[in-house]
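*Asks:* Mind looking over this structure? Questions follow.
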Amino acid sequence: MTNKDFAGLGKQLLPNLPGFSVKGPMTFICPVKDALRGLYFEGSTFDEKFYLWTFFLPLFAPTKHVSFNLGKRLREPSGGDRWNADTPNLIADLGAAVKREALPFLSGIETAEDIAKAAAAFQKAGDPYAQQAIAYAWARSGEVTRANEEFNRLVRLLDLKIPWQREMAERAETLKAKLLANPADAQRQLEDWEVETLQNLGLEKFRQ
């Protein structure tokens, strides 16, 4: 299936999703602030089957791509996580899954503090992405002491010999220093990163 096909599915779900918009395979809550929250259709070039994710993505932690480190797949009626586009009652089944699984999950993620707490549920040993979300979210919420602790935990997880992890560590250390020296400066940096991420994702016009 193509992104155009997935956009069509998303648009068919919109009547039961007030406040959501569609862009390609994403159906998400608008306006977008602090985090991108919504649904993502992940397809295959080989068949008509697909996954439907519900996820959130902190925008103030710079990224160039949507990822599902902070998300989960919605289940189809038989309990599996792989949907078939040829299912006769597809839209009704999708709508029921979204109402049952996605909306309760997404409705609890509104503030930066909510983001930090929700990300904690996705922490896995050795995986820095959830920890990065937690640290940046506490920084965004203005909780300097808590954020400092979480930044220290993040840096300890990272292997500085690996380029992308070293970059993550350097950015975290930079933000931590700004947060401790001048919290207002740190907030401006987080806002700049949010704008940058939205530009990378092509979602600038959906920003609050």
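The values are calculated or read from the model by the stated rules, or taken from the named source; none is laboratory data. A quick note: this is a predicted structure, and the numbers were derived from the prediction, not measured. Counting neighbours? That spans all protein chains shown, and the Cβs are built from the backbone with ideal geometry, glycine included. SASA here: full protein model, heavy atoms, side chains in, ligands and nucleic acids out. Shrake-Rupley method; radii C 1.70, N 1.55, O 1.52, S 1.80 Å.
*Asks:* Could you tell me which of the residues T54, T45 is among the β-branched types (V, I, T) and surrounded by fewer than 20 Cβ atoms within 10 Å (Cβ to Cβ)?
*Replies:* That would be T45, the only listed residue that is among the β-branched types (V, I, T) and surrounded by fewer than 20 Cβ atoms within 10 Å (Cβ to Cβ).
*Asks:* Taking into account only those residues within the range 167-208 that are among the small types (G, A, S) and open to solvent by less than 70 Å² (accessible area, probe 1.4 Å), which is nearest to the chain's Cα centre (by Cα)?
*Replies:* Applying the filter and picking the extreme gives G202.
*Asks:* I've got another one for you. Filter the range 97-128 down to the residues that are open to solvent by 50 Å² or more (accessible area, probe 1.4 Å), assigned to a helix (DSSP H, G or I) and not charged (D, E, K, R), then identify the one that is nearest to V155 (Cα to Cα).
*Replies:* S107
*Asks:* Here's another thing I want to ask about it. Does A135 satisfy being in contact with a helix residue (DSSP H, G or I) (Cβ under 7 Å, 6 or more places away or on another chain), closer than 22 Å to L180 by Cα, open to solvent by less than 10 Å² (accessible area, probe 1.4 Å) and not polar (S, T, N, Q)?
*Replies:* yes
*Asks:* For K11, are the conditions met, namely being under 23 Å from W193 (Cα atoms) and surrounded by fewer than 23 Cβ atoms within 10 Å (Cβ to Cβ)?
*Replies:* no
*Asks:* In this structure, is F6 open to solvent by less than 30 Å² (accessible area, probe 1.4 Å), among the aromatic types (F, W, Y) and either more than 16 Å from the chain's Cα centre (by Cα) or over 30 Å from Q165 (Cβ atoms) (or both)?
*Replies:* Against the criterion (open to solvent by less than 30 Å² (accessible area, probe 1.4 Å), among the aromatic types (F, W, Y) and either more than 16 Å from the chain's Cα centre (by Cα) or over 30 Å from Q165 (Cβ atoms) (or both)), F6 qualifies.
*Asks:* Taking the conditions exactly as written (among the charged types (D, E, K, R), at pLDDT below 95 and more than 23 Å from G38 (Cβ to Cβ)), does D81 satisfy them or not?
*Replies:* no
*Asks:* Report whether or not F6 is not aliphatic (A, V, I, L, M) and not in a helix (DSSP H, G or I).
*Replies:* Spelling it out, it is not the case that F6 is not aliphatic (A, V, I, L, M) and not in a helix (DSSP H, G or I).
*Asks:* Output the number of residues of the range 18-41 satisfying the condition of being surrounded by fewer than 16 Cβ atoms within 10 Å (Cβ to Cβ) and assigned to a strand (DSSP E or B).
*Replies:* Going through the range 18-41 one residue at a time, the tally reaches 0.
*Asks:* Can I ask one more? Looking at the range 7-32, I want the residues that are in contact (Cβ under 8 Å) with a residue 24 or more places away in the chain and have a partner that is hydroxyl-bearing (S, T, Y) and not in a helix (DSSP H, G or I) with Cβ atoms under 7 Å, at least 6 apart or on another chain. Which pairs are those?
*Replies:* G10/T27; L13/T27; L17/T27; M26/Y40; F28/S21; C30/S21
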